[in-house]
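The values are calculated or read from the model by the stated rules, or taken from the named source; none is laboratory data. This one's a predicted model, so the numbers in the text were calculated from it and none came from an experiment. Positions of Cβ are generated from backbone atoms using ideal geometry, with glycine treated the same way; all protein chains shown enter the neighbour counts. Heads up: the accessible areas ignore ligands, DNA and RNA and are worked out on the full protein's heavy atoms, side chains in. Shrake-Rupley method; radii C 1.70, N 1.55, O 1.52, S 1.80 Å.
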Amino acid sequence: PNGDLAGSAFRNGRRPCLPAPSPDCSNINLWNILRNNIGKDLSKVSMPVELNEPLNTLQHMCEELEYTELLDRAADTEDPYERMAIMAAFVISGYSSTYYRAGSKPFNPLLGETYECIREDKGMCFIAEQVSHHPPISACHADSNKFTFLQDVRWKNKFWGKSMEILPIGTVNVILPSFGDHYEWNKVTTCVHNILSGRRWIEHYGEITIRNTKSSACICKLTFVKGNYWSSNVNEVQGFVMDQEGKVVRRLFGKWHEGLYCGVPPSARCIWRPGSMPTDYELYYGFTRFAIELNELCPEMQDLLPPTDARFRPDQRHLEEGNVEMAASEKQRIEDMQRTRRKWQDENDIKHEPRFFKKVVDANQRERWVTNNTYWELRKSPGFINMENPNLW
Ligand code: PIF
């Protein structure tokens, strides 16, 4: 794959905690902001930085890859039904880290902002770029010897007064070369409850269908059950793998924050369970260990990353370090810079072209953003430090 790890010294120590705890944001009156923007697309409203966590939506897509060992396992599993069940576990695992994260929102990347993540331990190289600003669209691509992962994400949001729904558009893809599989699935709706008062919590609900576009041996259906106040089915997921004849060959059940089981209780077996949380996670944005590591900037990477990498974004870095005032003024400055660039482009009839992704129209006439395969090549030669790069901040 593209991700040859050249130039990245193997690091055995990643940081175990963030430099500063999350700031107190009890002074933020979200109601004032929302009230003044009723009926407006909230992605067009500039939100106070105190609502953010020190990660952006590009890094969030990478976070869905915390449990790539499931993809490695699927890539080594002969049985197509079992493989599909493991894929289901992977899909569900991508939601697990959201459990503790209702308190804040990710940074909205600037147009052209990028993010790379090399994980020698997972044998994986990930890249992502913000390819559209309005509407916000983030595209990513990850390679390993055992799988390829890609997606482009768009959202619509609906504000209901007490809660907010985030409706994702687009498909997620995993390719397993060992079997020539290409899995495709949709995402479910995410709802943030108690936006304005009380304790915020996150719920995911809806149906996911996982298909292998290269084989009709089986499909998988998962239901993220919508909870209600009285029942104990919070975060419940139910599903099954169905063969070509429509016969259920695997039953799946569990909770997206606790694990997935296959079979019928009490004899069911566990396919996946999330890792433990770091100490004091409540004070640190509810980040998992993997999330803590995502925005780390090690000295040996400084000259290898393009200056558009999210790790260099100053407002996000200030927030991570606990300097809220600096973060707020930098956010405003950077957003203004982006407005100026946009105005200049509009006036000169220049259309923004993403640097590392290209738009393609797939067999179903859907527009998709896929890698143009230049990132890792340019990183190696001539190296981003020797190139002209956009100046985003
Ligand atoms: C700014 O983004 P914010 C706005 O887009 C603003 O319009 C733009 O100015 P311009 C600025 O350049 C942007 O920086 C707004 C919006 C962004 C997302 C998608 O970061 C993730 O200030 C949503 O925020 C996931 O936020 C939410 O969209 C998970 O980042 C919880 O719509 C939202 C989210 C609403 C948050 C509610 C609070 C919940 C805790 O002049 O160029 O237009």
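Just a few scattered comments:
- Some residue of the range 83-96 being over 24 Å from GLU184 (Cα atoms) and crowded, with 20+ Cβ neighbours inside 10 Å: no
- Residues being touching a Lys or Arg at 6+ places or on another chain (Cβ under 8 Å) and open to solvent by 30 Å² or more (accessible area, probe 1.4 Å) - total across the range 112-144: 5
This table checks each residue for (1) in contact (Cβ under 8 Å) with a residue 24 or more places away in the chain; (2) more than 26 Å from the chain's Cα centre (by Cα).
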| position | (1), (2) |
| --- | --- |
| PHE224 | yes, no |
| GLU236 | no, no |
| MET242 | yes, yes |
| LYS247 | no, yes |
| LEU260 | yes, no |
| ILE271 | yes, no |
| TYR281 | yes, no |
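- Selection of strands (runs of 3 or more DSSP E) fully inside the range 157-269 by the criterion of at least 2 residues being modelled with pLDDT of 95 or more and more than 16 Å from the ligand (Cβ to nearest atom) returns 171-176, 181-186, 201-212, 218-224, 236-243, 248-255, 259-262.
- Being within 15 Å of the ligand (Cβ to nearest atom) and assigned to a strand (DSSP E or B) is a property that holds for SER138.
- Extreme residue, nearest to CYS298 (Cα to Cα), among residues of the range 101-110 that are open to solvent by 40 Å² or more (accessible area, probe 1.4 Å) and modelled with pLDDT under 95: LYS105
- Test: residue in the range 259-272 that is within 28 Å of THR148 (Cβ to Cβ), of a type in the set (Gly, Ala, Ser) and buried (at least 20 other Cβ atoms within 10 Å of the Cβ): no
- Filtered by the rule that a residue be among the aliphatic types (A, V, I, L, M) and within 14 Å of the ligand (Cβ to nearest atom), the range 40-87 gives LEU42, VAL45, MET47, VAL49, LEU51, LEU55, LEU58, MET61.
- When each of ARG379, ARG368, ARG333 is tested for being at negative phi and touching a strand residue (DSSP E or B) at 6+ places or on another chain (Cβ under 7 Å), the lone residue that passes is ARG368.
- Among the candidates GLU129, GLU113, the residue that is among the acidic types (Asp, Glu), within 13 Å of the ligand (Cβ to nearest atom) and modelled with pLDDT of 95 or more is uniquely GLU113.
Yes or no, residue by residue, for (1) of a type in the set (A, V, I, L, M); (2) touching a strand residue (DSSP E or B) at 6+ places or on another chain (Cβ under 6 Å):
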| position | (1), (2) |
| --- | --- |
| LYS162 | no, no |
| ASN173 | no, yes |
| PRO177 | no, no |
| HIS182 | no, yes |
| TRP185 | no, yes |
| VAL188 | yes, yes |
| GLY206 | no, yes |
| LYS214 | no, yes |
| ALA217 | yes, no |
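- In the range 145-168, the residues that are open to solvent by 70 Å² or more (accessible area, probe 1.4 Å) and free of Cβ contacts under 8 Å to residues at least 60 places away in the same chain: ARG154, LYS156, LYS158, TRP160, LYS162
- Test: residue in the range 186-194 that is crowded, with 18+ Cβ neighbours inside 10 Å and among the basic types (Lys, Arg): yes
- Across the range 16-66, the number of residues qualifying as in a loop (DSSP other than H, G, I, E, B), surrounded by fewer than 18 Cβ atoms within 10 Å (Cβ to Cβ) and touching a Phe, Trp or Tyr at 6+ places or on another chain (Cβ under 7 Å) comes to 2.
- Candidate set from the range 325-381 (those that are assigned to a loop (DSSP other than H, G, I, E, B) and modelled with pLDDT under 95); member that is most open to solvent (accessible area, probe 1.4 Å): GLN365
- Test for GLU300: is it touching a residue at least 60 places away in the same chain (Cβ under 8 Å), part of a helix (DSSP H, G or I) and under 22 Å from PHE90 (Cβ atoms): no
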